[in-house]
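Undergrad: There's a structure below that I have some questions on.
The values are calculated or read from the model by the stated rules, or taken from the named source; none is laboratory data. Remember, it's a predicted structure, so these values are computed and weren't measured experimentally. All Cβ positions, even for glycine, are placed from backbone atoms using ideal geometry, and neighbour counts span all protein chains on display. The area values use the complete protein model at the heavy-atom level, side chains included, leaving out ligands, DNA and RNA. Shrake-Rupley method; radii C 1.70, N 1.55, O 1.52, S 1.80 Å.
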Amino acid sequence: MSKRVLGLFMLTVFTLASCKKENKAPIEDTQISAVLAEKVEPVELREFGYNLNDYTVVRDTIKAGDSFGEILQRNNLQYPQIYNIVEGAKSDFDITNLQVGKPYTLLMVDGDSVQLPKCFIYQPNKIDYVVVDFADTTVVKKGKKEVKLVEREATGIIDGSLYLTLQEQGLSPIVAYKMSDIYAWTVDFFRIQKGDRFKVIYTEKYIDDSIYAGVDKVKAAYFEHKGEPFYAFRFETDSTKHIVDYFDETADNLRRAFLKAPVQFSRISSRYNLKRRIALYGNRVRPHKGTDFAAPVGTPILSTANGTVIASERRGGNGNYVKVKHNSTYSTQYLHMKKRKVKVGDYVKQGDVIGWVGMTGNTSGPHVCYRFWKNGKQVDPFRQDLPQAEPISDSLKVDYLAFISPIKQQLDSLIFADPNANEEEFITELNQDNAISSKESN
Ligand SMILES: [Zn+2]
């Protein structure tokens with residue numbers, strides 16, 4: 001059996017923030033200093049903006065029932081002082097919002113008889129931290145850990161789904177989510193087939209050099225569907241407003257006015273069909289003016305385009321539903337939600353969550369019935385020739401093409417490897433792939 005797919009991972013490391021080197025205090029007596037340097041002088045260990053060597057460091061996590069005050073009390077502070085610290089901190093730090101399981105650190109110094117905390121540091125997530133420093137008056141400081149981005153490359157040949165193929169390689173499903181987002185309009189992910197291939201260059205976040213903090217972003221991707229190539233390059237079109245989009249190798253925008261589906265990783269269980277016959281209703285024609293996307297209860301439902309919510313209610317066979325008006329021509333409607341997230345008048349952007357898949361109203365299983373309205377009539381969204389999103393301006397196009405040139409070369413040089421091929425076949429395949437890519441570059 002031809003089985004599974006092998007990914008190629010290469011690693012380039014680059015640090016965003018530079019390391020600061022602290023000047024060491026001069027030591028007067030060189031003889032002593034030689035001894036000190038060997039025996040005592042510790043390597044400076046900085047974290048949260050403090051030299052940890054100056055303190056006894058207590059690390060713990062918030063437990064159920066813990067409060068800020070209790071933690072301080074447990075660590076030898078008395079109530080009048082705790083009260084003052086709380087009063088000094090509360091306008092900058094919500095001490096009532098400590099979440100169970102999140103880490104905190106206390107920096108302690110010697111007191112008269114016991115160690116006393118001088119500083120409380122709370123980490124709501126892997127990157128951000130909040131320092132409550134009460135060595136003097138209480139000061140709250142917010143900081144971020146230095147994030148190192150590691151670039152990764154992966155390739156694969158689709159066996160079942162993109163999601164499964166990535167999973168088999170031990171890659172984050174977030175990469176699959178991001179790719180299905182990037183290609184939401186370009187490639188029909190409900191119809192990707194065995195043998196479709198992909199390459200992706202993306203970045204991962206690491207903290208303190210080793211703690212994985214998630215996928216950062218997809219820098220570029222290549223998806224080959226039925227032998228047809230689709231490139232995607234991330235590019236910032238407006239550096240002041242930080243507007244970022246994905247474009248192909250000719251600078252066309254990959255995003256369209258509408259997403260192809262209101263849910264990710266679902267399957268179409270019933271298409272728009274005006275002549276549908278249903279056995280349950282005596283085989284009479286019961287037109288289906290929506291497209292049903294089957295997905296588990298609770299799956300987020302996304303607005304397929306920017307627009308304003310014009311209905312959000314529970315009614316009859318529709319169950320919980322939301323309707324979004326996108327412009328004078330188009331509206332979309334989403335039925336049978338478990339729960340709605342938006343109300344009439346809300347402005348939603350393409351890809352915003354507006355509710356969750358459920359089974360309210362007339363439905364035999366969990367799905368979202370997606371209805372596409374054009375000039376007041378329901379039409380099949382898959383038969384509409386919908387416009388592309390903003391293209392790259394002519395003035396930016398030269399910059400764009402220069403920017404993607406090396407990235408495209410990097411993508412093109414990645415090879416799809418088959419783990420089942422023996423070495424000889426593998427090398428033959430490499431040569432063939434190289435031959436193909438050199439042909440392509442002519
Ligand atoms: Zn339906």
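Undergrad: Of all residues being under 21 Å from Phe382 (Cβ atoms) and among the charged types (D, E, K, R) in the stretch 320-355, which is nearest to the ligand (Cβ to nearest atom)? Just the residue, please.
TA: Only one residue fits best here, namely Lys323.
Undergrad: Which numbered condition trips up Gln193, out of (1) touching a His at 6+ places or on another chain (Cβ under 9 Å); (2) buried (at least 20 other Cβ atoms within 10 Å of the Cβ)?
TA: (2)
Undergrad: In the stretch 361-379, what residues are more than 10 Å from the ligand (Cβ to nearest atom), touching a residue at least 24 places away in the same chain (Cβ under 8 Å) and not small (Gly, Ala, Ser)?
TA: Of everything in the stretch 361-379, those that are more than 10 Å from the ligand (Cβ to nearest atom), touching a residue at least 24 places away in the same chain (Cβ under 8 Å) and not small (Gly, Ala, Ser) turn out to be Pro366, Phe372, Trp373, Lys374, Asn375, Gln378, Val379.
Undergrad: Considering the stretch 310-332 alone, what residues qualify as being small (Gly, Ala, Ser) and in contact (Cβ under 8 Å) with a residue 12 or more places away in the chain? Please lay out each step first, then the result.
TA: We begin by selecting, within the stretch 310-332, every residue small (Gly, Ala, Ser); these are 311-312, 316-317, 319, 328, 331.
Selection gives Ala311, Ser312, Gly316, Gly317, Gly319, Ser331.
Undergrad: Restricting to the stretch 171-207, give me the number of residues that are charged (D, E, K, R), over 16 Å from Gly227 (Cβ atoms) and modelled with pLDDT under 80.
TA: As a first pass, look at the stretch 171-207 and keep what is charged (D, E, K, R): 178, 181, 188, 191, 194, 196-197, 199, 204-205.
Remaining after also requiring over 16 Å from Gly227 (Cβ atoms): 178, 181, 204-205.
Within this subset, residues satisfying the condition of being modelled with pLDDT under 80 are 181.
Looking only at that region, the number is 1.
Undergrad: So for the stretch 169-176 (the condition being in contact with a Lys or Arg (Cβ under 7 Å, 6 or more places away or on another chain) and not aliphatic (A, V, I, L, M)), does at least one residue qualify?
TA: First, the residues of the stretch 169-176 that are in contact with a Lys or Arg (Cβ under 7 Å, 6 or more places away or on another chain): none.
No, because not a single residue in the stretch 169-176 is in contact with a Lys or Arg (Cβ under 7 Å, 6 or more places away or on another chain) and not aliphatic (A, V, I, L, M).
Undergrad: Okay, next question. For the stretch 97-108, what are the residues that are open to solvent by 20 Å² or more (accessible area, probe 1.4 Å) and touching a helix residue (DSSP H, G or I) at 6+ places or on another chain (Cβ under 8 Å)? Reasoning before the result, please.
TA: Step one: filter the stretch 97-108 for residues open to solvent by 20 Å² or more (accessible area, probe 1.4 Å), giving 97-103.
The one that is open to solvent by 20 Å² or more (accessible area, probe 1.4 Å) and touching a helix residue (DSSP H, G or I) at 6+ places or on another chain (Cβ under 8 Å): Leu98.
Undergrad: Considering Val344, Val368, Val353, which residue is at pLDDT 95 or above and surrounded by 19 or more Cβ atoms within 10 Å (Cβ to Cβ)? I'd like the intermediate steps shown before the answer.
TA: Numbers: Val344 fails: surrounded by 19 or more Cβ atoms within 10 Å (Cβ to Cβ); Val353 fails: surrounded by 19 or more Cβ atoms within 10 Å (Cβ to Cβ).
Just one listed residue meets the conditions, Val368.
Undergrad: So, one more: Name the single residue, out of those in the stretch 34-74 being open to solvent by less than 90 Å² (accessible area, probe 1.4 Å) and more than 38 Å from the chain's Cα centre (by Cα), that is modelled with the highest pLDDT.
TA: Of everything passing the filter in the stretch 34-74, Pro42 is modelled with the highest pLDDT.
Undergrad: Between residues in the stretch 239-251 that are in a loop (DSSP other than H, G, I, E, B) and residues that are charged (D, E, K, R), which pairs lie under 9 Å by C-beta distance while being six or more apart or on different chains?
TA: Within 9 Å, the pairs are His242/Glu236; Glu249/Lys408; Ala251/Lys397.
Undergrad: Quick check on the stretch 298-315: of everything there that is at pLDDT 95 or above and within 16 Å of the ligand (Cβ to nearest atom), which residue is least open to solvent (accessible area, probe 1.4 Å)?
TA: Ile301
Undergrad: Looking at (1) within 14 Å of the ligand (Cβ to nearest atom); (2) at pLDDT below 95; (3) surrounded by 12 or more Cβ atoms within 10 Å (Cβ to Cβ), which is the one condition that is false for Gly358?
TA: The number of the failed condition is (2).
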